[in-house]
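Scroll down for the structure; my scribbles are underneath it.
We did not get these values from a lab; they are worked out from the coordinates using the rules stated. Keep in mind that this is a model prediction, so the values were computed, not measured. Cβ atoms come from the backbone with ideal geometry, glycine included; neighbour counts cover every protein chain shown.
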Amino acid sequence: LLCQKQLQYTKHLNYMLQQTSSDVLEKQAKISEQLYSQGTAKALEGIPIAFKDNFCTLGVPTTCGSRMLLNYVPPYNATMVEKVLEAGALMIGKANLDEFAMGSGSTDGCHGPVINPWSMVTTPSGERLSPSVADQSSDGSDWFVAGGSSGGSAAAVAAGACLASFGSDTGGSVRIPASYCGLVGLKPTYGLLSRHGLIPLVNSMDVPGIFTKTVTDSAIILNAVAGHDNKDSTTVQESHTPIQIDEDIDISKLNVGIPKEFYVPGLSEEVVTVWREIADLLEKAGARVTEVSMPHSRHCIICYHVLCCCEVASNFSRYTGIEFGLRCGSEESTEELYAENRHHGFNDVVRGRILAGNFFLLRRNYERFFLKAQRIRRLISNDFKNAFSAGVDFLLTPITLSDAPSHSWFIQKDSRTRSAEQDVVTTAANLAGVPAISLPLKLSRQNLPLSLQLMGPRFSESRLLSLAHWIE
Ligand code: GLN
């Protein structure tokens, strides 16, 4: 009930699309209460959780923030949804996002932009945010962006509407909003969590990600959902749970690498300072902190975008308006029908990626673009392997270039330019499939959260979370 109040209170932040009715929540909460009193409560009993609106939810509209799917009501639950419900959680609703999870600000979905809850504390003009911001700033107010593409899921936790939420991280979409909203954002190893029912963006990189306020909460949620799923053949067969936080982690035994290529143009002075401070903190505790080189990371953006567009071109061919998606077109010919449905159904970011992907996949371009990007992806992955086999345990890097930017500043640039600048430090972990966590550390001069990223070898979640917990 408290969550419901919170949701109403912060409605104008536009982070929630579909909300579970208070009657249903009330009933479920009563059952949870009873189970607690009987001592039979499950791992997530009564815990309010939200899902990004690209996770399929049985009988609940799942729009992906796109006109294309405005009327789509899935006939099944995504495995992540199923698992949290089985563990006793309360699903409070579906969270706003960038259209089909393409973006890094949550400004590009058809339901309008998500507003960072920290804008309630401070705004770019230094005043309190006016509630009329819900009308898309008709009064000229500005706010801070929540980050994307899982901005609604992040804002829901930051605003106190739920204790945890799920987003999807294909190129940074959990870690970026976690950083802007001051949360712990975990992108697990590719294959640890099932993607079944997560509407695909880039199958070879998509990972369900978890937003929480603390590292311990992140481990609790991860344990409830990790593991093999018959419905997703890319999930691991062997068991990697339980993920345990080692409260007595011996920092003096750790070797932490600082990849020099992550010192990217545009990094704010405040981020560099906190990066240095945490490296110093680890060194004082006895860790070996060394500079490492990951020479291929400068190709991450271009490699990510070629592969992303190719997979998008293939994935999105299902949205014809016949089996799936908006049907609004003329019926003169099948071609025209598809074209018109897609013209009205997708925004120009999505259309642009489909076009680019089809271009890269043309027979005459395939080798030059797609195959080359695949080879570069291997080199990027090898950079990680080399660093870890040379004795580095974890990598410490920035996660966003600065604290949350203002909306007016953010929308000046087109989505491609924004991603090209921002995603330099995030996409490497997706290309290599390694786990990465965004960790909030202190407040900036503007009173907004500043975070850093830790990355580790595949399936090192227990140790990664233990180190993050020590730092937090
Ligand atoms: N900004 C990236 C993109 O637009 C990240 C997407 C994601 O992680 N879902 O593709």
Local electrostatic count at S204 - Lys and Arg +1, Asp and Glu -1, tallied over other residues with Cβ under 10 Å: -1
Rounded, prolate or oblate (a/c below 1.5 giving rounded, otherwise prolate when a/b exceeds b/c) for the stretch 316-410 by Cα gyration tensor: oblate
Global geometry of the stretch 300-367, whether rounded, prolate or oblate, following the gyration tensor of its Cα atoms and the 1.5 cut on a/c: prolate
For S293, net neighbour charge (Lys/Arg +1, Asp/Glu -1) across residues whose Cβ lies under 15 Å away: 0
Computed [θ] at 222 nm, helices only, for the chain once each DSSP H run of length n ≥ 4 contributes -39500 (n - 2.57): -10500 deg cm²/dmol
Alpha-carbon centroids, the stretch 224-284 and the stretch 330-399: separation in whole Å: 25
Sequence-distant aspartates and glutamates (8 or more away, or on other chains) whose Cα lies within less than 16 Å of K231: E82, D206
F324-L371 FRET efficiency (beta carbon distance; Förster radius 25 Å; 0.05 resolution): 0.25
Rounded, prolate or oblate (a/c below 1.5 giving rounded, otherwise prolate when a/b exceeds b/c) for the stretch 355-431 by Cα gyration tensor: oblate
Length-normalised contact order for the chain - Cα pairs under 8 Å, 6+ apart - percent: 18
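What FRET efficiency comes out for the pair Y263/Q412, r = Cβ-Cβ distance, R0 = 22 Å, nearest 0.05? Spell out each step's value before the answer.
Working: r = 25 Å, r/R0 = 1.14.
The formula returns an efficiency of 0.30 here.
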For the chain, share of DSSP beta bridges that run antiparallel, in % to the nearest 5: 65
Local net charge near A87, Cβ-Cβ under 14 Å (Lys/Arg +1, Asp/Glu -1): -2
Computed label-point distance, nm, for sites S37 and S252 using a 7 Å Cα→Cβ extension: 5.2
Selection of chymotrypsin sites (Phe, Trp or Tyr not before Pro), the stretch 63-101, meeting DSSP coil and at most 14 other Cβ within 10 Å: Y76
At R0 = 22 Å, FRET efficiency that the Cβ-Cβ distance of V121 and L281 yields, to 0.05: 0.25
Inter-site label distance for D232 and V73 at 7 Å from Cα along Cβ, in nm: 2.6
